[in-house]
Amino acid sequence: MKRKIITSAILVLSVNMVSFSQEIGLFTGVQQISGELSEYDMVVNPMAAVSGIWEIDGVPHFRYGGEFRMASMSNAPDADGSWLSGYQSEGMDYSLMAIMRYYINTPINMKARRGSFLAFVQGGVGFHIMKYQTTVPNVRSFQNNVDEPLKLSDPMVSNGGALELGIGFQYYLSTKWSLSAYGGGQYTGNDYMDGVSGITDVKDYPFYAVIGASYRIY
């Protein structure tokens, strides 16, 4: 029931975010998880995002909004010769982030927006839902049964909160259209984002970078 409520909340919030946003953006990029697997191979997965951003009247340096992201959890690290040899996982990581941006520089007005190059720092809070299959759900249990053949588990679901910090740049091609590139890192308090857990008590840290275009509706 809890998972259905969280999934429904993601869908409702995402639709409302896009429907009422002042500026809509579509982005593509990559996500890398720093965790157990990164000791053997820095697996980088594709991701996509849609964002809705609002300006604050009378406060030109700040904007707020939300972003819905989808990232692959398909991992097959180069771990030959290690106890993790043959490991793989498949699935998707869905996340919804509420974000606040501070723009270091801003256009004087709407007409001056065209040709402006802006830099910003970004903070966010949100949550992840991961749905995946893996050959090694838990490292400790796997180490106790090393003779068992590796096979994908039944689908599993995990969720966790997220705190984010990042930086980015935005260039306005016109008063309506702009290009953006930004990235950052998160603390999630979750140890399942790379599909494997149990080596240490250290949690997984997602790092991401995206590039895309935005359209200002009004």
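The values are calculated or read from the model by the stated rules, or taken from the named source; none is laboratory data. Note that this is a predicted model, so its numbers are computed, not measured. Here Cβ is always computed from backbone atoms with ideal geometry, including for glycine, and neighbour counts include all displayed protein chains. We work out accessible area using only protein heavy atoms, side chains counted, and drop any ligands, DNA or RNA first. Shrake-Rupley method; radii C 1.70, N 1.55, O 1.52, S 1.80 Å.
For this structure, a couple of remarks:
- Residue in the stretch 33-49 that is open to solvent by 70 Å² or more (accessible area, probe 1.4 Å) and modelled with pLDDT of 95 or more present: yes
- Qualifying residue in the stretch 151-166 (condition: part of a strand (DSSP E or B), farther than 28 Å from residue 40 by Cβ and modelled with pLDDT of 95 or more): no
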